[in-house]
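Let me begin by presenting the structure, written as structure tokens, before commenting on it.
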Amino acid sequence: MTTAHTNIVLIGFMGSGKTSIGRLVAQRLGFQFIDTDAVIVERAGMQIPEIFERHGEAWFREQETCTLRSLGILNRAVISTGGGIVTREANHELLRELGFVVWLTASEDVIFERVSRNRKRPLLQTADPRATVHKLLAERRPLYEAVAQFTLETTTLAHEMTATALIAEARRAFSWDSEA
Ligand code: S3P
């Protein structure tokens with residue numbers, strides 16, 4: 001792998017487990033854990049629904065790009081990103097420059113079941129959230145696929161097992177020889 005950074009970058013749709021799995025992987029590798037949404041919330045001084053309401057989606061997307069740029073100094077970090085980070089083409093190169101990009105994917109049913117538990121995501125506040133998930137997934141799948149260096153299907157895996165598979169793949173990608 002040619003990247004200069006030994007970071008693991010997680011991309012994937014809302015509800016794909018990026019934050020929970022990212023935390024687990026970071027803990028097991030002794031890496032720092034960064035969540036780009038949390039960085040944006042901290043810098044803006046408000047939660048994501050409020051950001052969308054007051055500034056709109058385009059402003060949020062700009063913050064995602066600025067956040068990715070600001071993370072370029074990191075090493076030995078697991079970076080979890082918001083589900084829409086791939087919608088801006090300018091982010092694709094930034095994501096790859098940060099490290100090993102892994103797409104966490106799951107079936108549409110599982111995704112919908114998971115996102116239904118958390119009603120705070122602004123893009124899903126629609127009359128028919130199921131149809132919105134279907135539409136966004138269809139639009140974004142090719143984008144995740146284009147950016148990812150590795151895809152991990154998590155539909156039937158517990159988070160612990162996903163973390164184990166991800167670490168094994170990162171070890172191969174970075175040619176680490178020691179056990180993590
Ligand atoms: C978004 C996903 C959210 C958050 C924002 C927009 C998206 O992050 O960045 O609500 O466009 O898919 P999660 O993927 O962590 O839910």
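None of the figures in this text is laboratory data; all of them are computed from the coordinates on show. This one's a predicted model, so the numbers in the text were calculated from it and none came from an experiment. When we count neighbours, we look across all protein chains shown, and the Cβ atoms used for this are built from the backbone with ideal geometry, even at glycine.
Going highest first, how would you order 121-130, 19-28 by mean Cβ packing within 10 Å?
Packing proxy ranking, top to bottom: 19-28, 121-130.
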Exercise. Given the convex hull of the Cα atoms of segment 1-152, what is a quarter of its surface area in nm²?
Worked result: 8.7 nm²
Problem set entry | 0 to 90° range, to nearest 10: angle between helix 57-70 axis and the chain longest Cα axis | 20 degrees
Problem set entry | In order through segment 117-130: 3J(HN,Hα) via Karplus (6.51 cos²θ - 1.76 cosθ + 1.60), integer Hz, x for Gly, Pro | 6, 10, 8, 8, 6, x, 5, 9, 7, 10, 5, 9, x, 5
Seminar exercise, completed: Total charge of the residues flanking Leu10 in space, meaning their Cβ is under 13 Å from its Cβ, with Lys and Arg +1 and Asp and Glu -1, is -1
Seminar exercise, completed: Counting sequence-distant residues (5 or more places) and residues on other chains, those with an amide H built under 5 Å from that of Val9 are Ile79, Phe100, Val101, Val102
Exercise. In degrees, nearest 10, range 0 to 90: what is the angle between the Cα axis of helix 159-174 and the longest Cα principal axis of the chain?
Worked result: 50 degrees
